[in-house]
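Undergrad: I'd like to ask you about the structure that follows.
The values are calculated or read from the model by the stated rules, or taken from the named source; none is laboratory data. Because the structure is predicted, anything quoted here is derived from the model rather than measured. Because the Cβ atoms are built from the backbone with ideal geometry, glycine has one as well, and the counts that use them run over all protein chains shown.
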Amino acid sequence: MTDTTDTSKPAEGAAEATGTRPEDDVTKTRTSIDLRYKGASQVVPEGTGSRLALFSDERRADVRVRGQVKQPLRLREALSALYDVVSSDFRYVPKDRTAYLAYMRMRKQTATMDTLRAQQAYFEWMARNDPYAWLILDPVVTVHPDAMIFEVFSKDEGSYAKLDVDWSVFELDEPARYGTTNVDYSKALFEGVQRMRSYRETRISIGREAVELSTPASGDSVVEKKIQVPDTWLRGFLQVQSAATLPWTRLRISAIDLYNVLRQLRLHADQKRKGRGVRIELSPGEPPRLVLEPWEVVIETGAGPYKGRTAGVFRIWGRRRLMLLRRMLPFIETVDIYLLGSGLPSFYVLRAGAFTFTLGLTGFTSSNWAQAVNFDLLLPRARTESVKRSLEETLKVLGRRWSASATDIMLAVDGDPDEIFSALQLGCQQGAIMYDLARDVYRLRPLVDGELELDRIEYRNARERVGHDLVEAGEVTIATENRIYGVGLELTGKVNVAADHREYRPQLVVDDDGRVKKAVCTCAFYRRHKLKEGPCAHLIALRMAYAREEERRRKLRGRSRAEIEIETRTYARRRSGGEEIYQLSLDRRRLKLRWGPRRDAAFGGQDGGARSGLRVQTLVFNSVADARAAYFDRVEQLEARGYLDATAG
């Protein structure tokens, strides 16, 4: 059951009474989700073996699975990796012992209770003392004719995980009941899963009555959870999952390659103010190369050559989150990596026989709002009547088949293929459909019981909605673009707000990796909050306007070059002594060239170009056409000499 009442928002009319506008409200909205289980999931002894009893939500579909587990060791490690993801939080949190001491007092008070009653007392204590502590949903379990699927999302809104388990892993006692539900998954269950062994028989039960508990008092108890999920968390869950439907670049590495990456990260700490990304260099016909920053450690992968047609360099973030995969490493057969672009979400599909583990990383943190806004523009927002009708027909098809490929859906649904594809993407964003990247099929999977208030999660906050409206109305103009070498791109905009009878001047400095290094605005919201409560609507509008302009310029690359007046490209080529960088910046009649070996401060560093070791040359031409011709002539020369396009974006 889902209750979307906003418990943290001021009463209706409060904004008008205080004279503040909706976009000035900085309160965080949350969605309340109620879960009800007849018992606490646990691993209980059964004869000489054990039973993995997973209680499902009473208010959702009556999903049921009963049988024996043929591969308990792999199931144990896969479920443990899921728990690592759902409980992970890589955000920095200062030390505070207040909550810990209160929790220890609660533990002493419940020391004499049985497990189920102690767990229920803990839930009630959290509801009284910290109602916003529940930032995660219990795993979403989807039982379909071809597989059983677990889905989770991390606390820090940065990691999405999906576990597919083929039915060959189980010897079922009865046919499974298909559907989607939540299962109770706590720390106690995780500890019980660690006791599963390959030499002991292990059975599994999933359902509303997973197992008959031995103690009468426990059997009559009900575990209830009222989880206050931030709307940004819910929105991130849907966005990261639907991002898999976007065009991607696929490559394959071996398990030992992933191990080498994790080993380097485990043995070496990150260095402040230095690169923390992983660069992936792709050349058709050659094995992909993984480069770990800032050590410039090059890992030559061993799973075969890259089969794509386009060469390039991708830079991905969130590499420390790859440590969440360590428990799956001993069983991995292949690793497929799906890339959307530098700084954008990436997906890792680990295949281990009948088990397939998919990890999706956002590619940016919650504080990196500039890159997040850029990613939002990639996802469709079309909600025309024809797209809605296509979505309704698509849901009917999936209701009969449970899962189907995009081709099968387009054959079954009468309509324009582009509209059907938009409907599939819209269904993923609304939580009604899941795209299974590992199997390339769409599945019927309602994320929650009930309907979500899509208007609330369409945007992160009211300021983002206002920013979109300003861009759509054509009220945002990019006044100047100034690329500062070693710092980034300085953008100055003009935002005309008719309601305020004013023109605001937002200014951004974005480095080559899409991170904001400086942001100022002349509006009252910025003067009052700076960036502590996030960017103002005008900064968001400026970032969106520039992202759209960049997309327009990118499309011109494959078409007419006559309209290009401002553009920057970065190329890289690996040599035995390291990596060579060549950057070209076209700014109307001016062409600036930088080349030399890559250094830590070469791009986005603090030391600037003077200490980067790159040579700099500036050429000024009589006309824009002459500068453009020289620019593309250099581009063709670099590509002919084997340089890879490493332009961020």
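Undergrad: Give the stretch 488-514 a look and list any residue that's charged (D, E, K, R) and either surrounded by fewer than 19 Cβ atoms within 10 Å (Cβ to Cβ) or closer than 14 Å to A541 by Cβ (or both), or say none.
TA: Listed by number, the residues that qualify are E490, K494, D500, R502, E503, R505.
Undergrad: With (1) among the aliphatic types (A, V, I, L, M); (2) buried (at least 17 other Cβ atoms within 10 Å of the Cβ); (3) modelled with pLDDT under 90 as the list, and A610 as the residue in question, which single condition is left unmet?
TA: (2)
Undergrad: Further question: Could you count how many residues in the stretch 392-408 are touching a Lys or Arg at 6+ places or on another chain (Cβ under 9 Å), hydrophobic (A, V, I, L, M, F, W, C) and part of a helix (DSSP H, G or I)?
TA: Here the count works out to 1.
Undergrad: Follow-up. Being assigned to a strand (DSSP E or B) and of a type in the set (A, V, I, L, M, F, W, C) is the filter; apply it to the stretch 488-513 and report the residue that is nearest to G277 (Cα to Cα). Quick ask: steps written out before the conclusion?
TA: First, the residues of the stretch 488-513 that are assigned to a strand (DSSP E or B): 488-497, 502-504, 507-510.
After this cut, where a residue has to be of a type in the set (A, V, I, L, M, F, W, C) as well, the list is 489, 491, 495, 497, 508-510.
Numbers: L489: 20, L491: 25, V495: 34, V497: 39, L508: 23, V509: 20, V510: 17 Å.
My answer is V510.
Undergrad: Additional query: Looking at V487, is it farther than 30 Å from Y178 by Cβ, free of Cβ contacts under 8 Å to residues at least 60 places away in the same chain and not aromatic (F, W, Y)?
TA: No, not satisfied.
Undergrad: If you go through the stretch 355-372 one residue at a time, do you hit one that is crowded, with 17+ Cβ neighbours inside 10 Å, within 23 Å of S576 (Cβ to Cβ), over 14 Å from the mean Cα position of the chain (by Cα) and not assigned by TED's automatic domain parsing to the domain that holds A438?
TA: no
Condition check ((1) more than 30 Å from L452 (Cα to Cα); (2) within 21 Å of the chain's Cα centre (by Cα); (3) crowded, with 18+ Cβ neighbours inside 10 Å) across all residues:
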{"site": "R235", "(1), (2), (3)": "no, yes, yes"}
{"site": "V240", "(1), (2), (3)": "no, yes, yes"}
{"site": "A244", "(1), (2), (3)": "no, yes, yes"}
{"site": "K272", "(1), (2), (3)": "yes, no, no"}
{"site": "R279", "(1), (2), (3)": "yes, yes, yes"}
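Undergrad: Tell me yes or no: at least one residue of the stretch 234-248 is of a type in the set (A, V, I, L, M), touching a strand residue (DSSP E or B) at 6+ places or on another chain (Cβ under 7 Å) and not in a helix (DSSP H, G or I).
TA: The answer is yes, given that some residue of the stretch 234-248 is of a type in the set (A, V, I, L, M), touching a strand residue (DSSP E or B) at 6+ places or on another chain (Cβ under 7 Å) and not in a helix (DSSP H, G or I).
Undergrad: Turning to a different aspect of this structure: Within the stretch 196-215, is there a residue that is at pLDDT 85 or above, within 30 Å of Y338 (Cβ to Cβ) and under 28 Å from the mean Cα position of the chain (by Cα)?
TA: no
Undergrad: Continuing with the same structure: For the stretch 515-529: of the residues being of a type in the set (D, E, K, R) and part of a strand (DSSP E or B), which is surrounded by the fewest Cβ atoms within 10 Å (Cβ to Cβ)?
TA: Ranking the qualifying residues of the stretch 515-529, first place goes to K518.
Quick grid of which residues meet (1) closer than 24 Å to Q371 by Cα; (2) modelled with pLDDT of 85 or more:
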residue: V509; (1), (2): yes, yes
residue: P535; (1), (2): yes, yes
residue: R557; (1), (2): yes, no
residue: S560; (1), (2): no, no
residue: S576; (1), (2): no, no
residue: L591; (1), (2): no, yes
residue: W595; (1), (2): no, yes
